1. If you count the DSSP beta bridges with both ends in the chain, what percent of them are antiparallel, to the nearest 5?
2. Just subtract the alpha-carbon distance of ALA158 and ASP4 from 0.36 nm times their residue separation and send over the number in nm, one decimal.
3. Of PRO252, PRO121, PRO244, which has the largest mean-square fluctuation in a 10 Å C-alpha GNM of the chain?
4. So which of LYS134/LYS319; LYS12/LYS319; LYS134/LYS333 end up more than 28 Å apart by C-alpha?
5. Under 13 Å from the 7 Å Cα→Cβ point of ALA326, by amide nitrogen: which residues of region 153-180?
6. Separation between the ARG110 and PHE310 pseudo-spin-labels, each 7 Å from Cα along Cα→Cβ, expressed in nm?
7. Based on the Cβ-Cβ distance of ALA241 and TRP79, what FRET efficiency does E = 1/(1 + (r/R0)^6) give at R0 = 25 Å, to the nearest 0.05?
8. Between THR28 and VAL395, with labels modelled 7 Å along Cα→Cβ, what's the label distance in nm to one decimal, could you check?
Amino acid sequence: MTTDPEISLWTKTSRERVDAPPLTGSATVDLAVIGGGYTGCSVALHAAQAGASVCLLEAHQIGHGGSGRNVGLANAGLWLPPAEIRAHLGDAAGDRLIALLAQAPAEVFRLIRDHAIDCEPVQAGTLHLAHSPKGLRDLQTRHEQLSSDGAPVELLSAQDTTRRTGSAAFHGAIFDPRAGTIQPLAYVQGLARAAQQAGAAIHANSPVQALRRDGEIWHLDTPQGSVRAKALIQATNAYHAGLPDTRQDYVPVYYFQYATDPLPEEIRATLLPGGEGCWDTGLIMTSFRMDQAGRLVIGAMGDLGHAGSFAHRGWITRKLAQIFPALADQPLKDGWHGRIAMTADHIPKLVQIGPNALSAHGYSGRGIGPGTVFGRMMADSLLSGDPARLPLPPVPAHSESWTGLRRAFFEAGAALTHLVKARV
Ligand SMILES: Cc1cc2nc3c(=O)[nH]c(=O)nc-3n(C[C@H](O)[C@H](O)[C@H](O)COP(=O)(O)OP(=O)(O)OC[C@H]3O[C@@H](n4cnc5c(N)ncnc54)[C@H](O)[C@@H]3O)c2cc1C
């Protein structure tokens, strides 16, 4: 197993490239964007297509944050079932967000087609797997709610789930045909390339170190350049760094993944033959999917960057063998992790960080579709001056309580669970 948790499999297999030199000198634009993930690149693409001058500044490489490290499940909706979304937001805002995010995977796959993004798109649906009888009861409730909202989801029996996954470890599943899998880093790099082709200036290795408003204009400073802009979108999410007073609080939660080598054809044909991406109902969740080369990519909650991370490695090896006994001897490689911006209510937040300035964060582990949709709608709202075009009403600030303690709680819980279960 490799040991650098900051280098993902996706960096090794992405076929998309974007040439994004650091910003040098000064630029004046309609819209400045901080952060080159799905949210920022979607803002840049849609604003440039609408005719605005745009400058996107990314501290590292495009996709350095969650967008380059995730599982690649392009899902419809949020983590929460519809009733909980309405309970948090009220019926009107809840209905609107549910409807917007129901079509998020369609928007992602359409962008991929329109811009010929080379990111292994497979729109074959996802399977939300019941890891226990209680997990199955939760899925039944979720299925009822989704169905009554008109979502084309299907509740599968244990036998059907075994047939679809190639594993006998699950008690049933919800199949969502709207969703699918992508190579996540290639998707964000393709979005950045498309934004550039639409006229946006895209600069990597350009951390914004200072941000101020002077009169009607935002001023952003990077090590070698500066940008003046009428409007600003901060899309830094869980990787926000180098700027104080974010007003976008979240609980950082780590999630790690490992991949097998490309599997022999006879094994590969028996695992996920329909090409669905999967995650389960476990409190310390597990996900798995195939990539285009036939690697099985498996992950769970946990931080690989500390001394106790051996518990995560041991556990995932056993978990793989438990789910797919045929893979018991397959070595796991390319371990990496990423940071998720979790909010207490699992609802993403739009923050009005100043006049003509917004930030979006807190997708709580589901940002491929939402980041793409929120980016498009934030660009539209700021350029048109119409706040009603936002996906959610913005708040002046978002704070979370006990973030350090809750982060430690999540990691200790995952490590302990993995330690105990690795030894049974
Ligand atoms: C391991 C993992 C698994 C996940 N799995 C899934 C999944 O299967 N499906 C799904 O839908 N979602 C998933 N998510 C969530 C999803 O990846 C994120 O919600 C999404 O990538 C957020 O995109 P973003 O553009 O908002 O932020 P990010 O992609 O994190 O981008 C923020 C960017 O801002 C940059 N930045 C920060 N500070 C500055 C600065 N001062 N100046 C310039 N740039 C700056 C960072 O370098 C970073 O590149 C997962 C997340 C993780 C970590």
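1. 65 percent
2. Here the answer is 51.7 nm.
3. Per the Cα network of the chain with a 10 Å cutoff, PRO244 tops the list.
4. LYS134/LYS333, as the Cα separations exceed 28 Å there.
5. Counting only backbone N, you get 163-168.
6. 5.2 nm
7. Values: r = 25 Å, r/R0 = 1.01.
The pair ALA241/TRP79 has a calculated efficiency of 0.50.
8. Placing both labels 7 Å along Cα→Cβ, they lie 3.7 nm apart.
The values are calculated or read from the model by the stated rules, or taken from the named source; none is laboratory data. Here the structure is a predicted model, which means the values were calculated and not measured. Reconstructed Cβ throughout: ideal geometry from the backbone, glycine too, with neighbour counts over all protein chains shown. Ligands, DNA and RNA are excluded from the accessible area calculation, which covers all protein heavy atoms including side chains. Shrake-Rupley method; radii C 1.70, N 1.55, O 1.52, S 1.80 Å.
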